[in-house]
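Accompanying notes for the structure given below.
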Amino acid sequence: MSRAIGMDVHRDFCEVAIVVEGQVRSAGQIETTPAALALFASSLAATDRVALEVTGNAAQIARIIEPHVAGVVVVSPHDTGISRARAKTDR
């Protein structure tokens with residue numbers, strides 16, 4: 001079963017959401033340290049797909065996660081409609 005993983009990236013942490021069979025659930029926060037990201041990446045399935053927000057550290061995060069999943073996409077908030085949202089929250 002393929003899952004979609006969304007990551008709202010901040011300097012010190014990422015807020016993670018997982019979609020399985022159309023159901024979205026929060027997976028909480030992970031630190032943006034290489035060790036924490038590597039541990040998170042190792043918990044992902046080879047069929048998972050990950051989308052993360054464009055930020056200064058997005059390329060480094062993508063490099064850590066890419067070997068563990070089917071694909072990683074780095075997207076701009078402008079492409080998702082989030083930048084036009086009235087209320088933006090991490091959740």
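So, with a 1.4 angstrom probe, what is the percent of accessible area on the range 1-71 that is carbon and sulfur?
C and S fraction of accessible area: 57 percent.
Taking every pair of distinct Cα atoms and averaging 1/r, then inverting, what Kirkwood hydrodynamic radius in Å comes out for the range 14-61?
Computed over the range 14-61, the radius equals 11.8 Å.
When only the heavy atoms of the protein chains count and the probe is 1.4 Å, how do Arg49, Arg11, Arg3 rank by accessible area, highest first?
Output order, biggest surface exposure first: Arg11, Arg49, Arg3.
Starting from 0.36 nm per residue, how many nanometres of slack lie between Ala51 and Ala27 once their C-alpha separation is accounted for?
7.2 nm
Report D for the range 1-83 in µm² per second (integer): Stokes-Einstein, Kirkwood Rh on Cα pairs, 20 °C, 1.002 mPa s.
Calculated translational D: 169 µm²/s.
The values are calculated or read from the model by the stated rules, or taken from the named source; none is laboratory data. Keep in mind that what you see is a predicted model, and the values were worked out from it rather than measured. Accessible surface areas use protein heavy atoms only, side chains included; no ligands, DNA or RNA. Shrake-Rupley method; radii C 1.70, N 1.55, O 1.52, S 1.80 Å.
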